[in-house]
Amino acid sequence: MTRNQQLFDRAKQIIPGGVNSPVRAFGSVGGTPRFIRRAAGAFVWDEDGTRYTDYVGSWGPAIVGHAHPEVIEAVREAAAGGLSFGAPTEAEIVIAEEIAKIVPGVERLRLVSSGTEATMSAIRLARGYTGRDKIVKFEGCYHGHSDSLLVKAGSGLLTFGHPSSAGVPADFTAHTAVLPYNDTAALEAYFAAQGAQTACVIWEPIAGNMNLVKPSAEFVQTLRRLTAEHGAVLIYDEVMTGFRAALGGAQSLHGITPDLTTMGKVIGGGMPLAAFGGKREIMECISPLGGVYQAGTLSGNPVAVAAGLKTLQIIQREGFYENLADLCARLTQGLTQAAAEAGVPFCADFVGGMFGLYFAEQIPQSYADMTASNTDAFKTFFHGMLARGVAFGPSAYEACFMSAAHTPELIDDTVAAAKSVFARMA
Ligand code: PMP
């Protein structure tokens, strides 16, 4: 028995399913999850000592590579000065100013500890600001695990085939409308009927929780127009795409200024840090200035802020995003060509430092397209690659992540490994 198997068995005796977040359990691909002992740069090592080229990147945060020496040094220094104070610090102002400088729509922001908190708080704020109850989300989009958002969410929920979660009273989701992603006509019909009662629309401006699905330009423009016309708050959930699809997030690519933005993952550089921010007028409805309550013992944690701030400095260096995009292009083109040579139906797409791999003839445009892709083929590919020392996310419904520590040579090795896997799949 491998050490990974031993640990998985032991974990299951004390942690439900052996994991602290469902997708880690390999439920949709089968097999034994790799227990990670350490990581550096583009690699992770498991408890059996096997090294993997990592395209998970902790599901997004590891954009500068794992255990980047400058980030680790910043964390060491901050930790030595105390782990948490429950009082304001100068570093919180510095990171808030830095985020506001990078993300166009952010006039005020507040730090929290997870993406779930950020989206949950942004929605409460939108409801408090507008005095309306209804919210809109889209099929296949995931915004964390707060009650009112667990309706046709992506990520682990999609992976496990439960469109909603047990334990959520129907009353709690009664105000949540779920519309198809990228369907402009459905959006128009919804707003014509219910626009006046709608507090907000929350969306993934480039979906990454049903694999990577990009919105059409028409859909983006219609969403901004309709929310503005009806006085609904437009929330860009950039927990995944922020500082990832581009430095300024998907909103900078769309040329859109949302009313609120939620952020996470990259801004903590691997530590628990997230944020929500946007228009001053809306943000000032929050306690202690306004009546919308929101708080956190560890919010703005000094160690997390230090990791985040250093990460934000590194990603602003010359050529950072050009390099990530070049690496993604090299990988997606290499894989597409290798699959075509083997006759395996496959395509791939990317934006900035995130990419999607699809066992389908065409790049999916919606949740329905995505769920029609060949998940059995993904499973075979996933395990074939893992056996060759390459780790993709253990689900066909997850986007993948590049880091600045990856190199063209590593990408070529990944493509070479994929060639042998595709050849066996054909
Ligand atoms: N929003 C989006 C778009 C996400 O991708 C995620 C996590 N994958 C979340 C919210 C929730 O973030 P967290 O897991 O930090 O709670």
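The values are calculated or read from the model by the stated rules, or taken from the named source; none is laboratory data. Keep in mind the model is a prediction, meaning the values are calculated, not measured. Positions of Cβ are backbone-derived with ideal geometry, glycine not excepted, and every protein chain shown enters the neighbour counts.
If only one of Glu204, Glu188, Glu218 is buried (at least 24 other Cβ atoms within 10 Å of the Cβ) and modelled with pLDDT of 95 or more, which one is it?
Numbers: Glu188 fails: buried (at least 24 other Cβ atoms within 10 Å of the Cβ); Glu218 fails: buried (at least 24 other Cβ atoms within 10 Å of the Cβ).
After ruling out the rest, the residue left standing is Glu204.
Output the residues belonging to region 261-274 that are crowded, with 24+ Cβ neighbours inside 10 Å and either more than 17 Å from the chain's Cα centre (by Cα) or within 11 Å of the ligand (Cβ to nearest atom) (or both).
So in region 261-274, the residues crowded, with 24+ Cβ neighbours inside 10 Å come out as 261-270, 273-274.
Selection gives Thr262, Met263, Gly264, Lys265, Ile267, Gly268, Leu273, Ala274.
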Please enumerate the residues belonging to region 212-238 that are more than 12 Å from the ligand (Cβ to nearest atom) and part of a loop (DSSP other than H, G, I, E, B). Lys214, Pro215, Ser216, Gly231, Ala232
Filtered residues of region 156-185 (kept if among the polar types (S, T, N, Q), in contact with a Ser or Thr (Cβ under 8 Å, 6 or more places away or on another chain), within 16 Å of the ligand (Cβ to nearest atom) and modelled with pLDDT under 90): Thr159
Extreme residue, nearest to the ligand (Cβ to nearest atom), among residues of region 95-116 that are small (Gly, Ala, Ser) and touching a Leu at 6+ places or on another chain (Cβ under 6 Å): Ser113
Select from region 162-195 the residues that are over 20 Å from Ser146 (Cα atoms) and touching a Lys or Arg at 6+ places or on another chain (Cβ under 8 Å) and list them in ascending order. Gln194
Out of (1) surrounded by fewer than 16 Cβ atoms within 10 Å (Cβ to Cβ); (2) in contact (Cβ under 8 Å) with a residue 40 or more places away in the chain; (3) outside the structural domain of Thr261 (by TED's automatic domain parsing), the one Gly57 does not meet is (1)
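For Glu284, are the conditions met, namely being of a type in the set (Asp, Glu), within 13 Å of the ligand (Cβ to nearest atom) and touching a residue at least 12 places away in the same chain (Cβ under 8 Å)?
Criteria not met by Glu284.
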For region 374-395, check the following and say yes or no: at least one residue is under 26 Å from Gly41 (Cα atoms), touching a Cys at 6+ places or on another chain (Cβ under 9 Å), at pLDDT 95 or above and outside the structural domain of Glu238 (by TED's automatic domain parsing). yes
Could you tell me which of the residues Gly269, Gly290 is out of contact with any Ser or Thr (no Cβ under 6 Å at 6 or more places or on another chain), touching a residue at least 40 places away in the same chain (Cβ under 8 Å) and over 16 Å from Thr119 (Cα atoms)? Gly290
